[in-house]
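Asker: Here it is: the structure, laid out below.
Just so you know, all these numbers are worked out from the coordinates, no wet-lab data involved. These numbers were taken from a predicted model, which means no experiment stands behind them. Here the Cβ positions follow ideal geometry from the backbone for every residue, glycine too, while neighbour counts run over all protein chains shown.
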Amino acid sequence: MQANDAQTLVLCALADGPLHGYAINTAIEELTGERLGPGSLYGALARLESKRLIEPLDGQGRQRPVRLTPRGREVLERELRAMAHVANAGLRRLGVNLA
Amino acid sequence: MSVVARSLVRLYPDAFRERWGSLVEDEARGAGWKSWPNLIAGIVDMWLHPVVWPADSPAQRQRRVATMGITVALAAWFLGHLAAEQADPLPADGIRDGVMHGCTTLLLIGIALVAPRPRPTLGAAITLLGWAVRRLAVPTVLGAAVVVLVHSGVDADASPPTLCTAVVAAWWIALGLGTIQIPRIFTGVGADAVVPPGTGRLRAGVWTLAGASATGGATILGVSVTGDGFHLLGAGIGAGLLLLTAVCAGTLRDMRDQPPAD
């Protein structure tokens, strides 16, 4: 996964708690400045659900929210740590002060 | 505008549409026409990745991989047959013929590995037969009509060119319809009549099909581009076979990403 990968963005949006599709995209817009297209957003949700990184909450009607599974939380944390490691190393080499 | 969005959402696979369709439609309607290219890309993406469609069980995903495998194998067979029959004058030589025979053998092995097995019951056999008759009636009748016409003593040289073209077109339409309809038999019969192979066997089958389509595609494309002049149809068929290889590679990656069954 990469920082701008739709699946990573969806997992990040869900890190705070369960959201439905529209709210996930709003959270992604706050994070990146633009919304994902509907094909990208729901394609990412379908993939994440098939990998059991997210799961739907029961009994919420048509707008069923989804949440991270423990496995999803673990994968997100691992990916973000790897990204942070690369970002920190790159910024240090550029001479950017991280403090 | 909402009519277009709704029509596009209808193009998604049923399993995806039932789970996410109304939400995709709401999002597309809100975003307007600018979202349509992304929506179309998403539809193509989903059709190429049946493993990630919402499923009730791992077995349902395996059935989809099996159907995808059969579809790829038949499409590869169709393209290979088209190259052999219609892509003249592709230069022929013993090595290329040997490679293409090898690809056909690999395709047959791949089909044997990925094909769902009928359940050993009379009910399953009747269901399967019923679906086969329903799905294959039209291409079988069309193909048989072409064969009867060609063997009825009609002189091809004395026939008007339009009749010859129509007969050739009808033959390829019959083969194409058969290629489309055979996988639809397996999607129609469902779990009551057929059992998908296990994950290991499916993986081996998809790898075999990928190898067959890659070898065949590279051979036909190479001959079409480097032979005596550029052969457009041959090059298109070679590229098509290589695209099928990419589809197999995507399916293998999707299978690898699936968590183990609980």
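Asker: Has segment A:72-92 got at least one residue that is among the small types (Gly, Ala, Ser), within 11 Å of chain B (Cβ to nearest Cβ), in a helix (DSSP H, G or I) and free of Cβ contacts under 8 Å to residues at least 40 places away in the same chain?
Answerer: Taking every residue of segment A:72-92 in turn, none turns out to be among the small types (Gly, Ala, Ser), within 11 Å of chain B (Cβ to nearest Cβ), in a helix (DSSP H, G or I) and free of Cβ contacts under 8 Å to residues at least 40 places away in the same chain.
Asker: I'd like the full set of residues that are assigned to a helix (DSSP H, G or I) and either among the acidic types (Asp, Glu) or more than 7 Å from chain B (Cβ to nearest Cβ) (or both), limited to segment A:26-44.
Answerer: Across segment A:26-44, the qualifying residues are A:THR26, A:ALA27, A:ILE28, A:GLU29, A:GLU30, A:LEU31, A:THR32, A:ALA44.
Conditions (1) of a type in the set (Val, Ile, Thr); (2) part of a loop (DSSP other than H, G, I, E, B); (3) in contact with a His (Cβ under 8 Å, 6 or more places away or on another chain), marked per residue:
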{"site": "B:GLY176", "(1), (2), (3)": "no, no, no"}
{"site": "B:PRO183", "(1), (2), (3)": "no, no, no"}
{"site": "B:THR208", "(1), (2), (3)": "yes, no, no"}
{"site": "B:THR219", "(1), (2), (3)": "yes, no, no"}
{"site": "B:GLY222", "(1), (2), (3)": "no, no, no"}
{"site": "B:ASP228", "(1), (2), (3)": "no, yes, no"}
{"site": "B:ALA249", "(1), (2), (3)": "no, no, no"}
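Asker: Filter segment B:54-72 down to the residues that are within 13 Å of the chain's Cα centre (by Cα) and farther than 17 Å from B:ARG117 by Cβ and list them by number.
Answerer: B:THR71, B:VAL72
Asker: Quick check: anything in segment A:13-33 under 26 Å from B:ASP14 (Cα atoms), surrounded by fewer than 16 Cβ atoms within 10 Å (Cβ to Cβ) and acidic (Asp, Glu)?
Answerer: No, because not a single residue in segment A:13-33 is under 26 Å from B:ASP14 (Cα atoms), surrounded by fewer than 16 Cβ atoms within 10 Å (Cβ to Cβ) and acidic (Asp, Glu).
Asker: Among (1) part of a helix (DSSP H, G or I); (2) in contact (Cβ under 8 Å) with a residue 40 or more places away in the chain; (3) surrounded by fewer than 16 Cβ atoms within 10 Å (Cβ to Cβ), where does A:LEU48 come up short?
Answerer: (3)
Asker: Of the conditions (1) over 15 Å from the mean Cα position of the chain (by Cα); (2) farther than 22 Å from B:LEU113 by Cβ, B:GLY190 fails just one. Which one is it?
Answerer: (2)
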